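Everything below concerns the one structure shown next.
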Amino acid sequence: MAVASSLTLAASVAAIGTAHAAVKVTITGTVSCAKFDESTPKTVTITPKKGTVGSDEPAGEEKVEQYTVKLTGIPNSGTTVTAKVVCEDGDGDTNTYKIKDFPIKKPASGGPVAFNLPA
């Protein structure tokens, strides 16, 4: 039985200054470890091609958890990012997966941006 897991992202963006043409991006969403038996998300790390890395440690014990990652120094025109998810089971064994090269840029409306990314 195949289980589709997804990483859902919603990015909200606020300008931090026009001198550097960079923005601060807060990404929130859900992360799933359903494809790994008895595993829950332990860390979510988002690494932008340009800007500062951010991470979160979801607090719950469910296969799907909420997270928030804050990135700074993202170019005003946007960049691509890679998300790395570490899942851990009750025995302390870990599995990881990555979602590569998804775009983060300032939305024209200033509202959130949503991504549904299969793992």
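Throughout, read-outs are computed from the coordinates displayed, never taken from laboratory work. Quick caveat, the model's predicted, so the values are computed rather than measured. Here Cβ is always computed from backbone atoms with ideal geometry, including for glycine, and neighbour counts include all displayed protein chains.
Values computed for the structure shown
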quantity	calculated
Amide hydrogen neighbours beyond the local backbone of residue 50, cut-off 5 Å, H modeled	80
Cβ-based net charge around residue 80, under 12 Å, with every Lys or Arg adding one and every Asp or Glu removing one	+3
P(r) tail fraction, the range 50-103 - alpha-carbon pairs more than 16 Å apart, %	53 percent
Which listed pairs, of 42/70; 42/105; 35/70; 63/105, have C-alpha distances above 23 Å, in listed order	42/105; 35/70; 63/105
Full-extension gain in nm, residue 95 to residue 42, via 0.36 nm per residue minus C-alpha separation	18.1 nm
Built amide H within the under 5 Å cut-off of residue 42, gap 5+	86, 87, 88
Extension gain, residue 80 back to residue 50 (0.36 nm per residue minus Cα-Cα distance, nm)	10.0 nm
